[in-house]
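The values are calculated or read from the model by the stated rules, or taken from the named source; none is laboratory data. No experiment lies behind these values; they were computed from the predicted model shown. With ideal geometry, Cβ positions are generated from the backbone for all residues, glycine too; neighbour counts draw on all protein chains shown.
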Amino acid sequence: MVRLSKFLSLCGVTSRRGAEALVAAQRVTINDVTVEKVGVIVDEASDVVKVDGTVAKPVSQKVYIVFNKPQKVMTTLHDPFRRRTVRHFLKKLPHRVYPVGRLDFDTEGVLILCNDGDLAYRLTHPRYRVPKVYEAKVNGHFSRAEGMRIQRGIKLKDGAIGRAQVDILGYGKRVTHLRLTLTEGRKREVKQLCQVVGNPVKHLQRVEFAGVSAKGLKPGAWRYLTSAEVNMLKALVKS
């Protein structure tokens, strides 16, 4: 018998503190009943715990991979509407891993997956200011003044202040190519920031997450992180 928060940590899904957020979002079930309180007790011998519809089991070996997510793929292991998920591309992976954070359905690029719950929680927590680098194609002529406005900070829909370092990479026909570096990564933050300054995102790709890139990987391909990359991630968030 063990508390749900500890059980999810042992399964590599999240840290003990991160379990509270999963429960609040109604993403956890025990014996197909949605969990309402994080303090419930799990009987490891008989209870079936699921997160986003996927059975959670304690792990014996920690695994870390980087995946080059294509567009029109859900950043989850299960989708009730039967859309393609990242799980579709990981069939040859002998271990179950979970996405670290999320990329929108129409956003492509770097996605880290692992079964190290504590590390995953830290990498996605705003407190650790983990850098995430995006390249975007936005509509219209994006000026340096608009870039400075985003760097100073803009109020988002949830009331938080979003900001990013912005570099203009070039101009095309009625579009501008940008590179944006964020350290908090709120929901749809890049799209919200560009929308507010009058340059809606036409195409978005994450090219780097916490110093890890998907260079050399075709869309839909993945690889194991090197030990140096894993150590770098742990050092970044003091895990």
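Being over 18 Å from the mean Cα position of the chain (by Cα) and of a type outside the set (S, T, N, Q) narrows it down to one of 152, 223, 188, so name that one. Even if it seems obvious, please write down each step before you answer.
Numbers: 223 fails: over 18 Å from the mean Cα position of the chain (by Cα); 188 fails: over 18 Å from the mean Cα position of the chain (by Cα).
One residue alone meets the criteria, 152.
What's the number of the only condition in (1) closer than 28 Å to residue 190 by Cβ; (2) touching a residue at least 60 places away in the same chain (Cβ under 8 Å); (3) touching a strand residue (DSSP E or B) at 6+ places or on another chain (Cβ under 7 Å); (4) not acidic (Asp, Glu) that residue 14 fails to meet?
Residue 14 satisfies all of (1) closer than 28 Å to residue 190 by Cβ; (2) touching a residue at least 60 places away in the same chain (Cβ under 8 Å); (3) touching a strand residue (DSSP E or B) at 6+ places or on another chain (Cβ under 7 Å); (4) not acidic (Asp, Glu) except (3).
Each row is one residue, and each column tells you yes or no for (1) crowded, with 18+ Cβ neighbours inside 10 Å; (2) modelled with pLDDT of 95 or more.
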position: 150; (1), (2): yes, yes
position: 159; (1), (2): no, no
position: 164; (1), (2): yes, yes
position: 169; (1), (2): no, yes
position: 177; (1), (2): no, yes
position: 180; (1), (2): yes, yes
position: 186; (1), (2): no, no
position: 193; (1), (2): yes, yes
position: 203; (1), (2): no, yes
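Pick from 132, 92, 157, 137: which is over 21 Å from the mean Cα position of the chain (by Cα) and not polar (S, T, N, Q)? Steps first, please.
Values: 132 fails: over 21 Å from the mean Cα position of the chain (by Cα); 157 fails: over 21 Å from the mean Cα position of the chain (by Cα); 137 fails: over 21 Å from the mean Cα position of the chain (by Cα).
Only one candidate qualifies: 92.
Within the stretch 222-239, track down each residue that is surrounded by 19 or more Cβ atoms within 10 Å (Cβ to Cβ) and part of a strand (DSSP E or B).
Scanning the stretch 222-239 gives a single hit, 222.
So for the stretch 210-221 (the condition being in a strand (DSSP E or B), surrounded by fewer than 13 Cβ atoms within 10 Å (Cβ to Cβ) and among the aliphatic types (A, V, I, L, M)), does at least one residue qualify?
Quick first cut of the stretch 210-221, residues in a strand (DSSP E or B) only: 212.
Still in the running and surrounded by fewer than 13 Cβ atoms within 10 Å (Cβ to Cβ): none.
So far as the stretch 210-221 goes, no, none of its residues is in a strand (DSSP E or B), surrounded by fewer than 13 Cβ atoms within 10 Å (Cβ to Cβ) and among the aliphatic types (A, V, I, L, M).
In this structure, is residue 75 among the β-branched types (Val, Ile, Thr) and under 28 Å from residue 134 (Cα atoms)?
Numbers: among the β-branched types (Val, Ile, Thr): yes; under 28 Å from residue 134 (Cα atoms): yes.
Answer is yes for this residue.
Looking at this structure, is residue 77 closer than 26 Å to residue 206 by Cα, among the hydrophobic types (A, V, I, L, M, F, W, C) and at pLDDT 90 or above?
Working: closer than 26 Å to residue 206 by Cα: yes; among the hydrophobic types (A, V, I, L, M, F, W, C): yes; at pLDDT 90 or above: no.
So residue 77 fails the test.
I'd like to check something: does the stretch 100-118 contain any residue that is in the same structural domain as residue 226 (by TED's automatic domain parsing), part of a helix (DSSP H, G or I) and either under 17 Å from the mean Cα position of the chain (by Cα) or under 20 Å from residue 212 (Cα atoms) (or both)? Explain how you work it out, then say what you get.
Let us first name the residues in the stretch 100-118 that are in the same structural domain as residue 226 (by TED's automatic domain parsing), namely 100-118.
In the following step, the residues that additionally are part of a helix (DSSP H, G or I) were identified as 117-118.
Adding the requirement that they be either under 17 Å from the mean Cα position of the chain (by Cα) or under 20 Å from residue 212 (Cα atoms) (or both) leaves 117-118.
Yes, the stretch 100-118 contains at least one residue that is in the same structural domain as residue 226 (by TED's automatic domain parsing), part of a helix (DSSP H, G or I) and either under 17 Å from the mean Cα position of the chain (by Cα) or under 20 Å from residue 212 (Cα atoms) (or both).
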